1. Taking the chain as the reference, fit the longest principal axis to its C-alpha atoms, fit the long axis of helix 31-45 to the helix C-alpha atoms, and give the angle between the two in degrees, 0 to 90, nearest 10.
2. May I ask for the net charge around PRO154, where only other residues with Cβ less than 14 Å from the Cβ of PRO154 are counted and Lys, Arg are +1 while Asp, Glu are -1?
3. Determine the calculated [θ] at 222 nm for the chain from helices alone, applying -39500 (n - 2.57) to every DSSP H run no shorter than 4 residues and normalising by the residue count; nearest 500 deg cm²/dmol.
4. As I understand it, the value is the acute angle between the Cα axis of helix 200-211 and the longest principal axis of the Cα atoms of the chain; what does it come to in degrees, rounded to 10?
5. Working from Cα positions, state the angle (0 to 90°, nearest 10) between the long axis of helix 137-148 and the longest principal axis of the chain.
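Derivation of every value follows stated rules applied to the coordinates shown; laboratory data play no part. Because the structure is a prediction, the values reported are computed rather than measured. Glycine also receives a Cβ, built like all others from the backbone with ideal geometry; neighbour counts cover every protein chain displayed.
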Amino acid sequence: MDGPPDRPRSEARQRWRLVARRSTEAPSLTQREVAEAWEAAVVASGLPVTFTDAARPRARVSFGAPLPLGIAAEAELIDLVLVERLPAWRVRDALIGQLPDGWSLVDLYDVWPAGPPLAGRVVAADYRIVLEEDARGETLENAARTLLGSATLPRDRPRGAETVRYDLRPLIVDLRVDPGPPVVVRTRTRFHPELGTGRPEEVLGALAAAAGHPLSPQAIVRERLILSDDPDAPGPPDAR
């Protein structure tokens, strides 16, 4: 989405942190397409948003973390930078009715404009994985305990045309199974600048391997993103 070419970049006066929900009915878009849809929505809202200083200016809308295809979300974090200070009700009223299809606004709050970028502060995420009806909760509870007690969990991850081996264990902060029905797997995975990101489908794959049978998810939901200054933010991997 292209911003107005004659609109200069302006000084940031206010940064709003939006908490947004993506439903299961939302269009299946790549993260780039999601970003473009949000930029278009913000421009259409009429809010005095800042634009990047580039040949093709873009509205300054930033995301806490990419949201994989096919995953719903309950509390995504999105930062919006304005050139004027506005009350919360003005920002909310302007956005309602303009949000991308399948998205809704849960909350918003004013944060320091000069604070660190949002993406660099995300350290973990909570996921809820609802399994098909034939899942066996008791077996999975034992498998989850086995995974958490493991020193390493070697896994293969595709990267382009190649496959790379990595250790999933440092990327799993917590793993629990609610026996249901339906059986629900709850996991907290780490975002680490060197080790990478723990993906819910990879956690499910490791759990299936430990249980000795395949697992099929009905739905995967990202419940929340956890920032470095949150009270329950995880410590470094070697402190688990």
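1. Computed tilt is about 30 degrees.
2. +1
3. It comes out at -6000 deg cm²/dmol, rounded to the nearest 500.
4. The angle comes out near 10 degrees.
5. 80 degrees
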